[in-house]
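Report on the structure given below.
Read the figures in this text as sums done on the coordinates, not as results from a lab. In this text the structure is predicted, and so the values were computed from the model without any measurement. Neighbour counts run over all protein chains shown; Cβ positions are idealised from the backbone, glycine included.
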Amino acid sequence: MAAVLLFIVLLSGCKADVDDLSGKVFSFPEESDTSHVKLSANTQTPISAMTLCLRFFSEQHRGQSLFSLATPSHDNNLLLFKPHQLGKYRVHVEGADLDFFGLPDDKNGWNSVCWTWQSGSGLTQLWVNGKRSVRAFLRANLSITGKPSVILGQEQDTYGGGFHMKQSFVGDITDVHLWDRVLSPCEIRLYIEGKSFAPGNVLNWRALEYASEGNVFVEMSDFHSVICKN
């Protein structure tokens, strides 16, 4: 009986805590080829549609990864990447990539980004700080299968690894949500404006299971107005 209890204690100790990170950020203060946060995705079925939303704050003028989801068969299943060019964003679905131009890009300020993709039509779109891109075509009629490895702070060139310092994120990331459907424009605007919205059902910042490695810190967010009292 004692052995069984010990096994249960050890098993529970291996599982990352589920935290409500409302009002918090992951802070990445320096370039690194190791520092990252691994998120546990709540999905057991193939992904054939999705909306990813997050906010980032950075003053970098080089390319950096904002969100990376890989499976054992593909390292760039879902990748949101910020190239160095002002107003340019790049998305990947199962290795195919597409660039969007002319979107807001506030250096040293908060950028609220939502990315949608639907396999049935192949349509994908970006929203940044309330401005939307055109709808574009990317990888129709496929599903993302396999156990997902979700990483913040690095781009995965192999499943769960293959990090490069010059692709690492430097700055703050907060309010990461992932849904297994395409949100409506109204729902996206509620998120971008910081109003009440239904959290992601695949990744939920308010109930997030994660593990960090290296110099990554959980700090207070200043995205919303903060009233300071003496």
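Any chance region 183-200 includes a residue that's of a type in the set (D, E, K, R) and outside any loop (DSSP other than H, G, I, E, B)?
yes
Which condition does L178 not pass, out of (1) free of Cβ contacts under 8 Å to residues at least 60 places away in the same chain; (2) in contact with a Gly (Cβ under 6 Å, 6 or more places away or on another chain); (3) surrounded by 17 or more Cβ atoms within 10 Å (Cβ to Cβ); (4) among the hydrophobic types (A, V, I, L, M, F, W, C), if it passes all the others?
Tallying (1) free of Cβ contacts under 8 Å to residues at least 60 places away in the same chain; (2) in contact with a Gly (Cβ under 6 Å, 6 or more places away or on another chain); (3) surrounded by 17 or more Cβ atoms within 10 Å (Cβ to Cβ); (4) among the hydrophobic types (A, V, I, L, M, F, W, C), L178 fails exactly one: (1).
Being in contact with a strand residue (DSSP E or B) (Cβ under 9 Å, 6 or more places away or on another chain) and of a type in the set (V, I, T) is the filter here, so list the residues in region 42-68 that pass it.
T43, I47, T51
In region 168-182, which residues are farther than 30 Å from E31 by Cβ and in a loop (DSSP other than H, G, I, E, B)?
Of everything in region 168-182, those that are farther than 30 Å from E31 by Cβ and in a loop (DSSP other than H, G, I, E, B) turn out to be D180, R181, V182.
Say we look at region 127-138 and pick out the residues that are part of a strand (DSSP E or B) and of a type outside the set (A, V, I, L, M); which of these is surrounded by the most Cβ atoms within 10 Å (Cβ to Cβ)?
The extreme case among them is W127.
Tell me, which residue of region 111-126 that is without any contact (Cβ under 8 Å) to a residue 60 or more places away in the chain and assigned to a strand (DSSP E or B) is surrounded by the fewest Cβ atoms within 10 Å (Cβ to Cβ)?
Checking each candidate, the answer is L123.
Just give me the residues in region 180-230 being in contact with a helix residue (DSSP H, G or I) (Cβ under 9 Å, 6 or more places away or on another chain) and not small (G, A, S), in sequence order.
L183, K195, F197, P199 - these are the residues of region 180-230 that are in contact with a helix residue (DSSP H, G or I) (Cβ under 9 Å, 6 or more places away or on another chain) and not small (G, A, S).
Among the strands (runs of 3 or more DSSP E) confined wholly to region 52-110, which include 1 or more residues that are touching a Lys or Arg at 6+ places or on another chain (Cβ under 9 Å) and surrounded by 20 or more Cβ atoms within 10 Å (Cβ to Cβ)?
64-71, 74-82, 89-93
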